Amino acid sequence: MRVTRHWAVRRARMFERIYAGLSSLLARSRLHDRSLLSNRLAPFFVFGERHLKGLLFDCQMCGQCILSSTGMSCPANCPKLMRNGPCGGVRGDGRCEVDPEMRCVWVDAWDGSARMKKGGAISNIQPALDFRLRDTSAWLRSMSASGRPVSIMAHREPALAPVAPARPNRFEEVLRSGQFAVTAELSPPDSADPTDALRHASVLADVVDAINITDASGANCHISSMSVAALLVSQGLTPVMQLTCRDRNRIAIQGDILGASALGISNLLCLTGDAIGSGDHPGAVAVCDLDSVSLLDAARKMRDEGRFLSGRALSSRPGLFLGAAANPFSPPQRTRAAHLAKKVDAGAQFIQTQFCFDVPALESFMVQVRDLGLDQRCFILVGVGILPSARTARWMRSSVPGVHIPDHVVERLEKANDQRREGRQLCIELIQQIHEVKGVAGVHVMAHRNEALIAEVIRASGIRSGESVIRVGTPEGVEKRL
Ligand code: SF4
């Protein structure tokens, strides 16, 4: 099946023509509107569609076919069920993070779209799947007068409920003022004692503008990101609460968004989530009801339109500053900026990237970002990490999906007499170099469970005392959109 899947992607232009012709023929038949007839014919359509599309596209019969928007690559084959991929975990050779035996469905989708006349449709935001439509015929549905999948929520006027009172948000203020922002990552402990999380956070309090609280990162279980974020708020600190789609469906996620806002948490980083298999509960089920783009879209609608995805009105809207992740270093690199644009369209106001150990590659990405005007529409913070040894660097690039570490970095660590010291120095230099890249609004510093080292590196880099250094590419236009 995978062979024919790639064969179809390579012939995306031909299938686009066939699909366009077939769609207009089916739409004109209006068969679906004659419900009695369509009900009788439904099993035949399901049978035919399953076998023909299964053979050609490895179709999984989601019932909401978007093949003509995904370069003829069926997105239902993505293990994370992404409708707006790819995720940031694509391997360096274009293979899937979860299933290394197969090529990433979304790398194929962007390839196929590039061959199509209307390939730009891949940039459209795809709504979450309506699971009631599984194993039904998308062809039959396209014969209805509107031809519209029922999962798309009917457009309604915004319900203008008041926005819940929000506390001042230091992170947003720093970014809007044009200062170079610094954030750091805190891994929530495996502890019910609030002082454990607060002790780690307090080390970072004076050197960062916000602290990211990871949400079961690497699919490992820890105290929840919302509870640690709320603890930080109670101490006057500014958290960025990470929220993944892996462990909750849209009902739980929207409830958590309201809950976070009620607890004074404004900064929300919307993520698809790491693969379950890489964590400490590999037998758990991955929910993946939404993906990062549909999550952003849902949160933005709650804030701006005052409604749940179901259309039901909120009595008060959450005050949110929305963020997303980006990985400029994993395939398909040439479309990563376009994919970022999709996240910005969905509502992302700030972006935090995967680890950057390759500044020239970052600069190439930022050229694409500036060409699309994205540095004027969102704040981009570049991720940096502190490598303790060449051995860890080698392990990270082979075992952590989406991490790109060039050979010269590993060699530099290998040759050093004191590898730990060299890793620290490397990170300081990266921060200083990234500070000069046009369009970059800040850095996001990560070192697993080593907050003291993060604080030390940030201080040594001089960026906290360097407010006099003018940041190039301040997104003046951002106020208009946000
Ligand atoms: S790499 Fe990510 S987006 Fe691509 S198929 Fe695998 S899980 Fe899906």
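The values are calculated or read from the model by the stated rules, or taken from the named source; none is laboratory data. Worth saying up front: this structure is predicted, and the values here are computed from it rather than measured. FYI the Cβ positions are ideal-geometry reconstructions off the backbone, even for glycines, and counts take in every protein chain you see.
Is there a residue being surrounded by fewer than 22 Cβ atoms within 10 Å (Cβ to Cβ) and over 30 Å from LEU387 (Cα atoms) anywhere in segment 327-336? No. Selection over segment 243-275 of residues that are among the charged types (D, E, K, R) and touching a Pro at 6+ places or on another chain (Cβ under 8 Å) gives a count of 1.
Every listed requirement among (1) crowded, with 24+ Cβ neighbours inside 10 Å; (2) among the polar types (S, T, N, Q); (3) closer than 17 Å to PHE171 by Cβ; (4) under 18 Å from the mean Cα position of the chain (by Cα) is met by THR244 save one, (3).
Does TRP110 satisfy the condition of being within 7 Å of the ligand (Cβ to nearest atom), modelled with pLDDT of 95 or more, part of a helix (DSSP H, G or I) and not basic (Lys, Arg)?
Criteria not met by TRP110.
The rows are residues; the columns are (1) assigned to a helix (DSSP H, G or I); (2) buried (at least 24 other Cβ atoms within 10 Å of the Cβ); (3) within 16 Å of the chain's Cα centre (by Cα).
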| site | (1), (2), (3) |
| --- | --- |
| HIS281 | no, no, no |
| LEU290 | no, yes, yes |
| ARG300 | yes, no, yes |
| ARG303 | yes, no, no |
| SER315 | no, no, no |
| GLY323 | no, yes, yes |
| LYS342 | yes, no, yes |
| ASP345 | yes, no, yes |
| SER364 | yes, no, no |
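The listed residues are ARG420, ARG424, ARG412, ARG459, and the only one of them that is surrounded by fewer than 20 Cβ atoms within 10 Å (Cβ to Cβ), touching a residue at least 40 places away in the same chain (Cβ under 8 Å) and not in a loop (DSSP other than H, G, I, E, B) turns out to be ARG459.
Picking from residues in segment 396-429 that are in contact with a Leu (Cβ under 8 Å, 6 or more places away or on another chain) and basic (Lys, Arg), the one that is nearest to LEU453 (Cα to Cα) is ARG424.
Among residues of segment 67-97 being more than 10 Å from the ligand (Cβ to nearest atom) and surrounded by fewer than 19 Cβ atoms within 10 Å (Cβ to Cβ), the one that is nearest to ALA325 (Cα to Cα) is GLY92.
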